[in-house]
1. Cβ-Cβ below 6 Å, separation at least six or inter-chain, first residue in segment 161-183 and under 22 Å from residue 106 (Cα atoms) and modelled with pLDDT of 80 or more, second of a type in the set (S, T, N, Q) and open to solvent by less than 20 Å² (accessible area, probe 1.4 Å): which pairs?
2. Return the residues of segment 99-125 that are touching a residue at least 40 places away in the same chain (Cβ under 8 Å) and touching an Asp or Glu at 6+ places or on another chain (Cβ under 7 Å); say none if nothing qualifies.
3. Search segment 35-63 for residues being part of a helix (DSSP H, G or I) and open to solvent by less than 40 Å² (accessible area, probe 1.4 Å), and hand back the single one that is nearest to residue 11 (Cα to Cα).
4. Within segment 123-155, how many residues are closer than 25 Å to residue 191 by Cβ, open to solvent by less than 30 Å² (accessible area, probe 1.4 Å), modelled with pLDDT of 95 or more and not in a loop (DSSP other than H, G, I, E, B)?
5. Restricting segment 3-14 to residues that are without any contact (Cβ under 8 Å) to a residue 60 or more places away in the chain and within 24 Å of residue 104 (Cβ to Cβ), which is most open to solvent (accessible area, probe 1.4 Å)?
6. Within segment 7-17, identify whether any single residue is more than 27 Å from residue 188 (Cα to Cα) and at pLDDT below 95, and answer yes or no.
7. Pull up segment 20-31, narrow it to residues that are at negative phi and in contact with a helix residue (DSSP H, G or I) (Cβ under 9 Å, 6 or more places away or on another chain), then point me to the one that is most open to solvent (accessible area, probe 1.4 Å).
8. Tell me which residues, restricted to segment 79-101, are open to solvent by 20 Å² or more (accessible area, probe 1.4 Å) and within 30 Å of residue 131 (Cα to Cα).
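The values are calculated or read from the model by the stated rules, or taken from the named source; none is laboratory data. All of these numbers come straight from a predicted model, not from anything done at the bench. Cβ sites come from the backbone with ideal geometry, for glycine too, and all protein chains shown count toward neighbours. The accessibility values were calculated without ligands, DNA or RNA, using every heavy atom of the protein model including side chains. Shrake-Rupley method; radii C 1.70, N 1.55, O 1.52, S 1.80 Å.
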Amino acid sequence: MTRPTFFVEEDKILEALFDEGLDDLHVFKPDSSPLYVERLLSLLPENTYRRITVHHHFYLKEEFGLAGIHLGSPTLPKPEGYRGNVSRSCNDLSLLKEAKKKSRYVFLHNIFDSLSCSTEKSNFTMADLQEASRRGLIDKHVYALGGMSLEHARQMRDLGFGGIVVCGDLWNLFDIHNQTDYKSVLTHFERLRSAIG
């Protein structure tokens, strides 16, 4: 998932991550003008669009031929007339089963304390997650979000999550104000990919 703010090297890093095997990118720019999101998308290669989902400015899905849209709630209805892939966020295990029925996949959050926002704390104990996994609530259509790091990647795979959503663990490696070399981001991404198999 992108950082919520834009930065100068962002398009170059995102393109390099796609080249390194990034499966899906969620563009999360909650307080941005749609023009800035359009600009970011226009800087990326067209062959990446089918692997990009937007969290806001849903018209961009059709305009750029993107993979889909993401709704920030398990109960929020799709926009009227929208046809296409929908993913959702859910922070309540009791709503997860229903959210999966209405979505291509669901981000379950916060698994651990957020690495990018100190106010977002874990919603689950490990026992909660193990029980949800045992009951089949956690499966390949559920992705772990919140505090995802190299340390937690294998653990999430073993619980049966379809993948992990990486934010702070990756973006905290790059100082947007002082760096132009992003090799450490790519190296870390490769480690994450190896860890989740």
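1. Once the first residue is under 22 Å from residue 106 (Cα atoms) and modelled with pLDDT of 80 or more and sits in segment 161-183, its partners that are of a type in the set (S, T, N, Q) and open to solvent by less than 20 Å² (accessible area, probe 1.4 Å) give 169/149.
2. Result: 114, 115.
3. Initially, segment 35-63 is screened for residues part of a helix (DSSP H, G or I), giving 35-43, 46-51, 59-63.
So of that shortlist, the ones also open to solvent by less than 40 Å² (accessible area, probe 1.4 Å) come out as 37, 40-41, 48-49, 60-61.
Numbers: 37: 11, 40: 6, 41: 8, 48: 12, 49: 13, 60: 17, 61: 18 Å.
Among them, the one singled out is 40.
4. Going through segment 123-155 one residue at a time, the tally reaches 4.
5. Here the answer is 4.
6. Let us first name the residues in segment 7-17 that are more than 27 Å from residue 188 (Cα to Cα), namely none.
No.
7. Kept after step one, since they are at negative phi, are these residues of segment 20-31: 20, 22-31.
Then drop every residue that is not in contact with a helix residue (DSSP H, G or I) (Cβ under 9 Å, 6 or more places away or on another chain), which leaves 20, 22-25, 27, 29.
Working: 20: 73, 22: 26, 23: 109, 24: 61, 25: 5, 27: 6, 29: 3 Å².
Applying the filter and picking the extreme gives 23.
8. In the first step, residues of segment 79-101 are kept if they are open to solvent by 20 Å² or more (accessible area, probe 1.4 Å); the result is 79-85, 91-95, 97-98, 100-101.
Of everything in segment 79-101, those that are open to solvent by 20 Å² or more (accessible area, probe 1.4 Å) and within 30 Å of residue 131 (Cα to Cα) turn out to be 85, 91, 92, 93, 94, 95, 97, 98, 100, 101.
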